[in-house]
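Below is one structure, written out as structure tokens, with a few remarks after it.
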Amino acid sequence: MSAARRCSPPRAMAGLLFWHLKSTGVRQTPCQFVHLCHVAHDRLITFQYFNFLKRMYVTRCNRDLSQRAKPKADSVASPVRELQQLDQEKKVIHQIRPVPPVYQPLSEPLRRNELREKKPAAGAEELVPAVRAEPREDRQWKEMKLRLEELPGILARLSKIKLTALVVSTASAGFAMAPVPFDLTCFLLASLGTGLASCAANSINQFFEVPFDSNMNRTKNRPLVRGQLSPLLAVCFAASCGVPGITLLTLAVNPLTGALGAFNIFLYTCCYTPLKRISIANTWVGAVVGAIPPVMGWTAATGSLDAGALLLGGILYSWQFPHFNALSWGLREDYSRGGYCMMSVTHPGLCRRVALRHCLALIGLSTAAPLLDITTWTFPLISLPLNLYISYLGFRFYRDADRSSSRKLFFCSLWHLPLLLLVMFTCKKSFLEKEDKDLLPEGHGRATEMRLP
Amino acid sequence: MAATRVLRGGCYCHRRLLSSASSGRPTVERGERQESPGLGFSPPAHSRNDWIGPPDKHSNLRPVIFYVPPEESALERRLREARQEAQACDQHFWARHNRAFSQEKEEFIFSRLKAKGLEMRDETGQKATLNAEEMADFYKDFLSKNFRKHMQYNRDWYKRNFTITFLMGQVALVRALRWLRWKKRSVGG
């Protein structure tokens, strides 16, 4: 998947390089090359693409989780001779040019390879951190001065932007599943409000956990841990996201959604975060936190808390367990040392039982969907293989209780949820259909309740 | 002293700091940077910011060298000292805790291997390890043993964090007001 997708950019870059070299002449090339490197860097094309030229590429299987280096088979030789020439010239360039302090193209891939060997599987919420120049910079002393150009990146990491995106997408799923005509403005406002609320909650969570995050491999590169941001700024950022977010939800969407959003922030920051270090009950609280966004999406659309909202919330609630329990299985050492009370450490049997239980619950909940008139009966049918597969992995995890089964379950949960929600959406029962069904058997004489859009 | 230390988890670090302060640790002069013994780094003289270093190998926390501005106010001094104290407390707690963890882990592995009749290192000289399932008993044990210590530390950490952030807020507010006053004066005058 990744190899094919990465084919065109390196060629384009190589072509650009070649054109540049030709037009500017070798003498000026070092500066141009550096310039190109910076351009590439800015455009978030990492050095992996240059690696491609050297016939060794890095694949990212499961983008969020791991990288492995694989020496490329010789069969795919550089088609153009110029590319090889480029290679040579590039090597020559690097020998002559003094090493710039920030960007060291050649030595990096090697260092990154070494790092990759040692790196444990990271959690879904954190991408394998930008490995570009990290290991070297990590060993240096840095001035604690906030640079404006770094601020967006820092705030993105502070607000766990990828997790926020997932939360917003579950809220959108809730909105989309609601049996009302689709209102784009409301949808966008609800998504924005939910996103802001999630950013605020995540920032406060990081604010509360600095020394604990420093001691865990998964979280040791967070902005507050690295001193890229002061705690005061983190709190101000959280306030400036949370207050407008909740206000937006309350005033522009509806008060119920706003209340749910505020409650969720409270639950996450003041209940879940401290509870993580006190009792294993934190996992259940965290599951509720994850279940609320789709409920918010539904209430944003309909304005009321229906059975459908609760069902969607229930599906997300059940999904959290196989997802989190499988993840936590591989982090037992870090949790133990960091003082986190997690089922995987204190009650391993319960951890696996609960994961399996909730995988099976997903089957039940999917079956309940058509009974509550949310989807057609196609949904339980199509989702059955998905739910059976995750249940099977849950059973393997329950039985084997080892790292490989936990990882398989975790990876599966990552694609299982989006797919399930997608299938749910495609099997959504059109509300027009429902109204016709309601109207048809009625006689002329009886007053029928018209559902206003 | 040792008994208090055992019973009161994180609180002992306050006593320790007080005792070290009374033993004549030099106070920082205004305009100078704090001494950084053993950190192996001095920030450049012209820099007016704090500097943060790589993670400590025992505590995994990043040490900060604080900048003392020549015109440091009382409030700013309180903030700086609170941050220094917090850093020292955290460093002490985590270094000790992590060292205890590694030590107890080694002992556990040794005892388990002995029970199995194996040596710490096998024929090739590689260190023998237990798999994750065998280690799980140790992790569970360690967590429950240190539960009270963590509870104490959590309370202290939350208190310190709020205090420091609040002080930062106050300092920022005072600085902002000062800047506004200066702006008004320079515009008016």
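The values are calculated or read from the model by the stated rules, or taken from the named source; none is laboratory data. Quick caveat: nothing in here was measured; it's all calculated off a predicted structure. We place every Cβ from the backbone using ideal geometry, glycine too, and count neighbours over all the protein chains shown. Just so you know, the surface numbers come from the protein's heavy atoms only, side chains and all, with ligands and any DNA or RNA stripped out. Shrake-Rupley method; radii C 1.70, N 1.55, O 1.52, S 1.80 Å.
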Practice task
Kindly state, to the nearest 0.05, the FRET efficiency for residue A:148 paired with residue B:151, given R0 = 51 Å and r defined as their beta-carbon distance.
Solution key: 0.80
Completion exercise
Rg from C-alpha atoms of the stretch B:52-148, normalised by the globular rule of thumb 2.2 N^0.38 Å, equals 1.64
Practice task
Output the Cα-based Rg and Dmax of the stretch A:270-327 in Å, rounding Rg to one decimal and Dmax to a whole number.
Solution key: 12.7, 38
Handout entry: When each of B:105/B:127; A:160/B:140; B:116/B:145 is checked by Cα-Cα distance, pairs over 18 Å
Key = A:160/B:140; B:116/B:145
Completion exercise
Output field shielding_mean for A:227-239 (other chain Cβ, 10 Å radius) holds 3
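If we sort A:145-151, B:157-163, A:215-221, A:391-397 on the protection proxy, mean other Cβ atoms within 10 Å, highest first, what's the order?
A:391-397, A:215-221, B:157-163, A:145-151
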Fill in the blank from the handout: Over the stretch B:72-189, with neighbouring protein chains present, the accessible area per residue in Å² at probe 1.4 Å is 63 Å²
Handout entry: Projected label distance in nm at residue A:310 and residue A:415, using a 7 Å step from Cα toward the beta-carbon
Key = 3.5 nm
Completion exercise
The percentage of the accessible area of the stretch A:303-357 (probe 1.4 Å, all protein chains present) made up of carbon and sulfur atoms, to the nearest whole number, is 59 percent
Handout entry: Heavy-atom accessible surface that B and A bury in contact, both chains counted, 1.4 Å, Å² to 100
Key = 3600 Å²
Fill in the blank from the handout: Rounded to one decimal in nm, the spacing of the 7 Å Cα→Cβ label points at residue B:182 and residue B:110 is 6.0 nm
Handout entry: Positions from the stretch A:203-225 whose accessible area shrinks by 20 Å² or more when the full protein complex is built, not the chain alone, probe 1.4 Å
Key = A:207, A:208, A:211, A:212, A:214, A:215, A:225
Problem - At least 30 Å² of accessible area lost relative to the chain alone, listed for the stretch B:89-113 with a 1.4 Å probe - result: B:94, B:101
Handout entry: Residue-normalised accessible area of the stretch A:273-402, expressed per residue, 1.4 Å probe, Å²
Key = 32 Å²
Exercise for the section: State the Cα centre-to-centre distance between the stretch A:269-348 and the stretch A:398-420 in whole Å. Expected result: 16 Å
Problem - Compactness of the stretch A:362-437, expressed as Rg and Dmax over alpha-carbon positions, Å - result: 15.0, 53
Fill in the blank from the handout: In the stretch B:37-74, the residues losing 20 Å² or more of accessible area (1.4 Å probe, heavy atoms of protein chains only) relative to their chain alone are B:41, B:49, B:50, B:51, B:52, B:54, B:60, B:61, B:62
